[in-house]
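The values are calculated or read from the model by the stated rules, or taken from the named source; none is laboratory data. Since we're looking at a predicted model, the values are computed, not measured. Counting neighbours? That spans all protein chains shown, and the Cβs are built from the backbone with ideal geometry, glycine included.
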């Protein structure tokens with residue numbers, strides 16, 4: 001494999017993969033917290049809607065959702081999504097549904113007395129969530145979020161099937177150019193492994209920080 | 001917005017063919033992942049570091065890299081090494097191998113959850129190693145891990161469309177072929193998407209019921 005192949009395809013591919021990861025993680029985080037908190041809402045209607053959302057998006061396959069957003073939505077609605085944004089939308093919406101389950105579990109795991117104390121201090125529901133419940137729930141969410149982020153990284157490889165030039169797509173092009181598969185695909189697998197390694201390490205550090213803020217010693 | 005029911009009806013035969021292939025991949029892939037996962041889990045507990053560390057490294061590597069890239073790796077590289085498999089076989093092996101690294105963690109947790117007294121009792125009865133595993137530890141461990149394994153079967157179902165990338169004729173590939181033949185893009189893909197939700201939602205409810213029942 002020559003340096004030219006690295007510069008024209010593989011390195012930009014890695015950059016696209018990282019961008020995809022960041023954008024879809026941001027969207028997934030918004031969806032996860034929004035839907036997760038809605039699932040602990042006091043109104044029944046809000047809870048039911050949030051449950052339907054998580055069940056539907058957890059039930060469908062991210063790849064099919066991606067194809068659907070890219071091929072079916074444009075003729076139905078008359079506007080076209082750039083492949084990159086169709087991918088971010090599909091990944092963010094479906095992984096957000098998984099994240100919502102994590103958020104809900106962590107919120108429910110906070111001791112009820114904490115919530116009651118918030119009521120006794122006559123906090124508004126939003127103050128209760130922001131000042132009492134979330135600071136205790138977030139450290140609990142971080143280990144499962146770390147796993148989900150690695151899953152999301154693996155999910156970004158799907159975009160290569162839509163023709164987005166991420167690192168998997170680069171591997172395909174290099175394979176066509178060099179007529180050799182073993183080398184480039186091994187390299188690409190190692191690239192993914194290294195990105196995942198960076199994610200797990202930084203999430204561990206973040207977990208230690210948030211736990212230290214609470215005065216709990218992390219393991 | 002134009003929805004054509006006759007396109008749905010025309011797609012039905014292909015849908016059934018695809019569903020059959022998807023389910024075949026799912027069943028065979030599950031069998032591979034269940035048995036290979038047990039091998040990895042035994043490797044985690046091996047007394048020699050020479051076994052433990054490579055097993056941990058390999059499973060960690062397979063678990064944190066995308067299934068799609070692994071699929072391409074097996075599909076393109078195995079023939080270079082002189083191993084010729086059909087796309088179906090390659091896909092099933094890839095999905096089974098990928099998920100075996102998850103089931104290995106499930107088994108490990110299940111085995112760790114067996115109380116230490118059970119191990120000590122087996123030692124006290126001077127049971128041989130295979131009796132300790134098959135008569136004492138595994139029956140207790142496997143019972144706990146059934147719901148978690150069920151969740152991974154559902155996850156595997158949702159990853160079977162990836163096999164379309166190496167031209168296995170499963171649900172997604174069938175819908176793409178139908179679209180290519182009839183220029184109807186909306187209906188086949190939507191029907192396949194709905195089919196996945198219709199299979200996955202009851203299945204996850206079933207797993208949750210199982211979880212509740214075993215927890216009691």
- Query: Do we have residue B:57 as modelled with pLDDT of 90 or more and crowded, with 22+ Cβ neighbours inside 10 Å here?
  - Reply: no
- within 10 Å of chain B (Cβ to nearest Cβ), out of contact with any strand residue (DSSP E or B) (no Cβ under 8 Å at 6 or more places or on another chain) and closer than 19 Å to residue A:158 by Cβ: does that describe residue A:27? no
- Message: Conditions first: (1) away from chain A (no Cβ under 14 Å); (2) more than 18 Å from the chain's Cα centre (by Cα). Residue B:81 passes all but one, so which condition is the exception?
- Response: (1)
- Message: Suppose the filter is touching a helix residue (DSSP H, G or I) at 6+ places or on another chain (Cβ under 6 Å) and part of a loop (DSSP other than H, G, I, E, B); does residue A:118 pass it?
- Response: no
- With (1) at pLDDT below 90; (2) under 22 Å from the mean Cα position of the chain (by Cα) as the list, and residue B:101 as the residue in question, which single condition is left unmet? (1)
- Note on the structure: Filtering the stretch A:171-218 down to residues that are assigned to a loop (DSSP other than H, G, I, E, B) and over 25 Å from the mean Cα position of the chain (by Cα) yields A:179, A:180, A:181, A:215, A:216, A:217
- Residue in the stretch A:123-170 that is nearest to the other protein chains (Cβ to nearest Cβ), counting only those that are crowded, with 20+ Cβ neighbours inside 10 Å and outside any helix (DSSP H, G or I): A:166
- Counting only residues that are more than 7 Å from every other protein chain (Cβ to nearest Cβ) and either assigned to a helix (DSSP H, G or I) or within 16 Å of residue A:27 (Cα to Cα) (or both), how many does the stretch A:66-80 have? 6
- Residue that is more than 8 Å from every other protein chain (Cβ to nearest Cβ), buried (at least 18 other Cβ atoms within 10 Å of the Cβ) and either without any contact (Cβ under 8 Å) to a residue 60 or more places away in the chain or more than 22 Å from residue B:92 (Cα to Cα) (or both), where the choices are B:166, B:154: B:154
- Given (1) crowded, with 19+ Cβ neighbours inside 10 Å; (2) within 12 Å of another protein chain (Cβ to nearest Cβ); (3) touching a residue at least 40 places away in the same chain (Cβ under 8 Å), number of the condition residue B:149 does not satisfy: (2)
- Could you tell me whether any residue of the stretch A:46-53 is surrounded by 15 or more Cβ atoms within 10 Å (Cβ to Cβ), within 14 Å of chain B (Cβ to nearest Cβ) and part of a helix (DSSP H, G or I)? yes
- Message: Quick test for you: out of A:32, A:3, A:26, A:38, pick the one residue that is within 19 Å of the chain's Cα centre (by Cα) and loosely packed, with under 15 Cβ neighbours inside 10 Å.
- Response: A:26
- Filtered residues of the stretch B:58-78 (kept if more than 9 Å from chain A (Cβ to nearest Cβ) and touching a residue at least 60 places away in the same chain (Cβ under 8 Å)): B:71
- Item | Those residues of the stretch B:103-141 which are surrounded by fewer than 21 Cβ atoms within 10 Å (Cβ to Cβ) and closer than 17 Å to residue B:152 by Cβ, in sequence order | B:105, B:108, B:109
- Task: Mind listing whichever residues of the stretch A:171-217 are more than 30 Å from residue A:132 (Cβ to Cβ) and more than 10 Å from chain B (Cβ to nearest Cβ)?
- Result: A:173, A:174, A:176, A:177, A:178, A:187, A:198, A:201
- Message: On the basis of being modelled with pLDDT of 90 or more and either farther than 30 Å from residue B:88 by Cα or in contact with a helix residue (DSSP H, G or I) (Cβ under 8 Å, 6 or more places away or on another chain) (or both), does residue B:124 make the cut?
- Response: yes
- Task: Within the stretch B:178-207, track down each residue that is more than 8 Å from chain A (Cβ to nearest Cβ) and part of a loop (DSSP other than H, G, I, E, B).
- Result: B:183, B:184
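Test residue B:175 against the stated conditions and say whether it is within 21 Å of the chain's Cα centre (by Cα) and within 11 Å of chain A (Cβ to nearest Cβ). Walk me through how you get there before you give the answer.
Working: within 21 Å of the chain's Cα centre (by Cα): no; within 11 Å of chain A (Cβ to nearest Cβ): yes.
In short, no.
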